[in-house]
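Chemist: The structure that follows is given in the form of structure tokens.
The values are calculated or read from the model by the stated rules, or taken from the named source; none is laboratory data. Bear in mind that the values here come from a model prediction, so they are computed numbers and not experimental data. In this analysis, Cβ positions are derived from the backbone assuming ideal geometry, glycine residues included, and neighbour counts consider all displayed protein chains.
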Amino acid sequence: MFFLEILNSAAEYVAYAFVLTLLLIVSYRLLLHPLSSYPGPFLAKITDGYAGVLSAQKRLPLVTWQLHERYGSVIRLAPNRLLFNSVTAFRSIYQNDDRITKSFTYELLTRNKVYSVFNTLDRDLHRAKRKLVGHAFSERSIRSFEPALIPQVDIYLKQLLQSSRQPVNMTQKLGHLAIDIVAQLALGYDLETQTSEGHRFFPKAMTLSFFVSNISHHFPIFHKVHTNMVFDYIFYATRERFIRVIEKMVRSRLALDTHAKPDFFSSVAHALPNEAVKTRDSVIWKEAMVFLVAGGDTVATAMTAAFFYLSRNPACYARLAEEIRTTFSSGSDIKSGLQLGGCHYLRACIDEALRMSPPISANLWRQQVATDEQPLVIDGHYIPRGTLFGVNIYALSHNAAIFPEPFTFKPERWLPSSSTDPEIAGTDEAARKLMLEAFASFSIGPRNCVGKPLAYLETSLVLAKTLWYFDFEAASGPLGSVGEGKDRGRLGEFYTEDVFSSTHDGPFLVFHPRQSVSLEEDLKIHA
């Protein structure tokens, strides 16, 4: 009995101590913390869990934009995190590689201490990796990739022809196309997701991995107490199946001669050690994973968003179709080069789709380099040491002060002014320059997306070839509304959810073969 009384008393003291400690922490974070003067939601000021829950709900970018609308250009999203929403802050954060690096949360996405160009914090190591990976995205390398890319696009076009006048889910169709292309370009491997069911789990497995990692990125304790292992356990079969496919791809490529195929591996192999035995912990494994993600999931979102917006904006659709159909004389002429590069309205449509529905819409957290002893000031704000800071791409891309009518699809905003009045033209050009400086879909600076040239080429080819051979429109009935941002009150916005990259569904489109061209004949000639 006496022993029970002691236990009860001890439990009471522990409870009191816990409550007191909690009150002290909350009071400090609200009243005395170096970031206490910055506005933001109450819960965000006292716990990382606020952003963690929003990440789990896949709503963080949308809520971040709403918070900026409410509180202004600088908000406190967590006890030790600030978000900015200005061009000045965006450029000063992401272009300053000498004093600013990626946040420690990127290391939480690392297994077995093997880093890729994506998650390494060390600046010297990143520069070396960036230089290495950059070889694969040089103009020469991309030209050599194109012959492997075109046959995959041909399969996609043939399937559109076979399903003509029937609703096509572009999220699925372009997702399969993008992953098949990037698997060929990464490791010369044919996943055949366009033509076979076997590997169609692949994009979903990547999305699941992003989703769990994104929660850890915003709520590190989720990772530190190994809660993420629950997901690993629940989805063990899917995750292991995914890893085995990657392993098979890597091993099959390592078994071939270095230059057997014009792929990513052939561009970087000269600087890689022989790691065939330890495939899962090898450098080629990690860098190939980055290649698959950067060139697969994100490009699929960019293409899908472009098709969505074109199907909802007839004037833009007509202008782009006219540009494509007057620039080229045949479908086989649509390839990288001056003609495709000269399709300025095509590029404007792609950029506008990327702005409105950025494939990576997350918070790209940064921190001050540990060895930097000078005070850090961003956009006039002193940043206390230990603070994570960044810019949300979705929020910046919908900042009305930079992008007037931010939820309206206006590709012409990216084109030079058509006004003959010098004063109006000067004002228009100043506005366009500001928008270009704020264009964040590929980030900027030394850690921007290395696959940007390939993403533009792939998206341009797919859009141009589709419009050469087909007319398309939104499906009728309920399917026609899939992908619209209904719950946001914006039917003209493509609905995406944040998992660091993006998940989405639709649009469902109906394709009509153009009578004046013959896809079958062109494919025979190409073959």
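Chemist: Looking at (1) closer than 29 Å to VAL63 by Cβ; (2) in contact (Cβ under 8 Å) with a residue 12 or more places away in the chain, can you tell me which one SER460 breaks?
Modeler: (1)
Chemist: Among the residues of the stretch 119-143, which ones are of a type in the set (Gly, Ala, Ser) and surrounded by 15 or more Cβ atoms within 10 Å (Cβ to Cβ)?
Modeler: ALA136, SER141
Chemist: Restricting to the stretch 226-283, what's the tally of residues that are of a type in the set (S, T, N, Q), assigned to a loop (DSSP other than H, G, I, E, B) and modelled with pLDDT under 80?
Modeler: Here the count works out to 3.
Chemist: Still on this structure, please answer the following. Please specify each residue of the stretch 294-346 satisfying the condition of being closer than 26 Å to GLU484 by Cβ and of a type in the set (Lys, Arg).
Modeler: Selection gives ARG312, ARG319.
Chemist: If I filter the stretch 88-102 for residues that are at pLDDT 95 or above, more than 21 Å from the chain's Cα centre (by Cα), under 30 Å from ASP487 (Cα atoms) and surrounded by fewer than 17 Cβ atoms within 10 Å (Cβ to Cβ), do I get at least one hit?
Modeler: No: zero hits.
Chemist: Just to check your reading of the model, which residue among LEU149, LEU67, LEU132, LEU121 is in contact with a Phe, Trp or Tyr (Cβ under 9 Å, 6 or more places away or on another chain) and either at negative phi or of a type in the set (S, T, N, Q) (or both)? Steps first, answer last, please.
Modeler: On the way: LEU149 fails: in contact with a Phe, Trp or Tyr (Cβ under 9 Å, 6 or more places away or on another chain); LEU67 fails: in contact with a Phe, Trp or Tyr (Cβ under 9 Å, 6 or more places away or on another chain); LEU132 fails: in contact with a Phe, Trp or Tyr (Cβ under 9 Å, 6 or more places away or on another chain).
Among LEU149, LEU67, LEU132, LEU121, only LEU121 is in contact with a Phe, Trp or Tyr (Cβ under 9 Å, 6 or more places away or on another chain) and either at negative phi or of a type in the set (S, T, N, Q) (or both).
Chemist: Taking LEU77 as the residue in question, decide whether it is under 23 Å from the mean Cα position of the chain (by Cα) and modelled with pLDDT of 90 or more.
Modeler: yes
Chemist: Scan the stretch 371-381 and give yes if some residue there is modelled with pLDDT of 95 or more, more than 30 Å from GLU473 (Cβ to Cβ) and of a type in the set (Val, Ile, Thr), otherwise no.
Modeler: Yes: the stretch 371-381 contains one or more residues that are modelled with pLDDT of 95 or more, more than 30 Å from GLU473 (Cβ to Cβ) and of a type in the set (Val, Ile, Thr).
Chemist: Say whether the condition of being touching a residue at least 60 places away in the same chain (Cβ under 8 Å), in a loop (DSSP other than H, G, I, E, B) and under 28 Å from HIS33 (Cα atoms) is met by at least one residue in the stretch 50-68.
Modeler: yes
Chemist: Look through LYS158, LYS204, LYS173 and report the one residue that is closer than 18 Å to GLU520 by Cβ and in the same structural domain as VAL299 (by TED's automatic domain parsing).
Modeler: Being closer than 18 Å to GLU520 by Cβ and in the same structural domain as VAL299 (by TED's automatic domain parsing) holds for just one of LYS158, LYS204, LYS173, which is LYS158.
Chemist: Only helices (runs of 4 or more DSSP H) wholly contained in the stretch 328-398 count here; list those with 3 or more residues that are at negative phi and surrounded by fewer than 18 Cβ atoms within 10 Å (Cβ to Cβ).
Modeler: 338-341
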